[in-house]
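The values are calculated or read from the model by the stated rules, or taken from the named source; none is laboratory data. Because the structure is predicted, anything quoted here is derived from the model rather than measured. Here the Cβ positions follow ideal geometry from the backbone for every residue, glycine too, while neighbour counts run over all protein chains shown. Only protein heavy atoms, including side chains, enter the accessible area calculation; ligands, DNA and RNA are left aside. Shrake-Rupley method; radii C 1.70, N 1.55, O 1.52, S 1.80 Å.
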Amino acid sequence: MLERYKTLSGPGIKEIVIRKSRFIGHARPVASEDEAIAFIEEIKKQHWNATHNCSAYMIGERDEIQKQSDDGEPSGTAGKPILEVIKNQQLKNVAIVVTRYFGGIMLGAGGLIRAYTDGAVVGIEAAQPIVKVLHREVVVEVDYTWYGKLENEFHQRSLRLGGTEFTDKVTITCLPEEPEADRFTAWLTDFTQGQAVIVQGETKYFTLGR
């Protein structure tokens, strides 16, 4: 799994007008090709009377799935520029549709490429790019005498926590970044003088800075 990757926080939409043509950029994160296709079809239904609904998506840890559609625009003037925006912004698991309502003025190949590029960019901006970081669950069980010391240490380290349970002992779910999980576990063992029960759990992605 990737240690971190850039994607979108949610769906976004924004419209721009270029030489009387309306270009509406729609962008959203997608987890699969089926989800990307469903999103594109949804936009096409919403804008069934548009001149074009051009699209592109890129999915997979290594960008294994890459598709684009000019939807009737001259070849290479719409889908490809949209896909290039996704690549240039280093986004993963993202689908974009740029809807065009023709305004009566021909833009030419160069103008179309710029317009669809701009439409993709504003859609992405509206969807708010974020960075997802892989974390590892490290669950520590200790006596209550350790709780205050650990709480202080975790606060100083700005450690992400998943929750705390209070029973006959204290169980704290820590979420260090995955590459630091082994080192963190070793530190935790040493800090608690081997008196803690520590178990590493599953990995999860969290948004950087949240």
Within the accessible area of segment 72-119 (1.4 Å probe), percent carbon and sulfur: 52 percent
Output the Cα-based Rg and Dmax of the chain in Å, rounding Rg to one decimal and Dmax to a whole number. 23.5, 76
In the full protein assembly as shown, how much of LEU112 is accessible to a 1.4 Å probe, in Å² to the nearest 10? 10 Å²
For segment 1-113, just list the percent of Cα-Cα distances falling in each 5 Å bin from zero outward, please. 2, 12, 23, 25, 18, 11, 5, 2, 1, 0
Segment 184-210-segment 79-118 distance, computed between alpha-carbon centres (Å): 44 Å
How large is the charge dipole for the chain, taken about the Cα centre, if only the Cβ atoms of Lys, Arg (+1) and Asp, Glu (-1) carry charge, to the nearest 20 debye? 1140 debye
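Quickly rank 118-128, 80-90 as a protection proxy: mean count of other C-beta atoms within 10 Å, highest first.
Numbers: 118-128: 21.5, 80-90: 18.5.
For the peptides 118-128, 80-90, the packing ranking is 118-128, 80-90.
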Solvent-accessible area of TRP187, probe 1.4 Å, all protein chains present, reported in Å² to the nearest ten, please. 60 Å²
Leaving ligands, DNA and RNA out of it, rank PHE39, PHE206 by accessible area with a 1.4 Å probe, largest first. PHE206, PHE39
